[in-house]
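The values are calculated or read from the model by the stated rules, or taken from the named source; none is laboratory data. Quantities reported herein were computed from a predicted structural model and do not represent experimental measurements. Because the Cβ atoms are built from the backbone with ideal geometry, glycine has one as well, and the counts that use them run over all protein chains shown. We work out accessible area using only protein heavy atoms, side chains counted, and drop any ligands, DNA or RNA first. Shrake-Rupley method; radii C 1.70, N 1.55, O 1.52, S 1.80 Å.
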Amino acid sequence: MNNKSGARKVRNVDINPCIEESDGSQKCLDAYNYDKSMCSAYFMRYTNCRKYWHAVMLQRRRDGVKPDMPTAEEREQVITGLGGKPY
């Protein structure tokens, strides 16, 4: 896999459910001159996002649901049904 293909996967909203959290972490790092201590809340939000959607993906695999990761539209419905992001 070449670099461009990997970058496209990371930026694909149907594959990566945590783009918003990732972008927030990066913007924080940029704003605080890469002082990681200033961005711990953003890092936790990203970590919790990844854990949540990873658990969903594993459950869907166990249940035989395809695709493993819900699409961006499906995820939006889940989040709306929960009354907001659970992380």
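Below 8 Å, C-alpha to C-alpha, sequence gap of six or more: please give me the relative contact order for the chain in percent.
Working: 58 pairs, mean separation 24.1, N = 87.
Relative contact order here is 28 percent.
Quick check: at a probe of 1.4 Å, how many percent of the accessible area of the chain sits on carbon and sulfur atoms? Walk me through the intermediate numbers first.
Values: 3340 of 6300 Å².
Result for the chain: 53 percent of the exposed heavy-atom area is carbon or sulfur.
Of Thr80, Thr47, which has the most accessible area with a 1.4 Å probe, and how do the rest follow in descending order?
Values: Thr80 95, Thr47 55 Å².
My answer, sorted largest first, is Thr80, Thr47.
Angle check, please: helix 40-63 long axis (alpha carbons) against the longest principal axis of the chain (alpha carbons), in degrees 0 to 90, nearest 10.
For 40-63 against the chain, the angle is about 10 degrees.
For the chain, with only Lys/Arg (+1) and Asp/Glu (-1) charged at the beta-carbon, what is the dipole magnitude about the Cα centre, in debye rounded to 20? Each step should come with its number before you reach the end.
Details: 15 positive and 11 negative charges, 68 e Å.
I would put it at about 320 debye.
Does the chain come out rounded, prolate or oblate, given a ≥ b ≥ c as the square roots of the eigenvalues of its C-alpha gyration tensor, rounded meaning a/c under 1.5 and, failing that, prolate meaning a/b above b/c?
Because a/c hits 1.5 or more and a/b fails to exceed b/c, the chain counts as oblate.
If I build a Gaussian network model for the chain, linking alpha-carbon pairs within less than 10 angstrom, which residue out of Cys18, Cys39, Cys49 has the largest mean-square fluctuation?
Cys39
Between the helical axis of 72-82 and the dominant principal axis of the chain, each derived from Cα atoms, what acute angle in degrees is found, rounded to the nearest 10?
Value to nearest ten degrees: 90.
Given the rule -39500 (n - 2.57) for each run of at least 4 DSSP H residues, summed and divided by the residues of the chain, what is its mean residue ellipticity at 222 nm, to the nearest 500 deg cm²/dmol?
-21000 deg cm²/dmol
For the chain, build the charge dipole from Cβ charges (+1 Lys, Arg; -1 Asp, Glu) around the Cα centre, then report which of Gly64, Tyr52, Ser22 sits farthest towards its positive end.
My answer, from the dipole projection, is Gly64.
Using a 1.4 angstrom probe, figure out how much accessible area the chain has per residue, in square angstrom, rounded to the nearest whole. Intermediate values should be presented prior to the final figure.
Numbers: 6300 Å² over 87 residues.
Per residue, the chain has 72 Å² of solvent-accessible surface.
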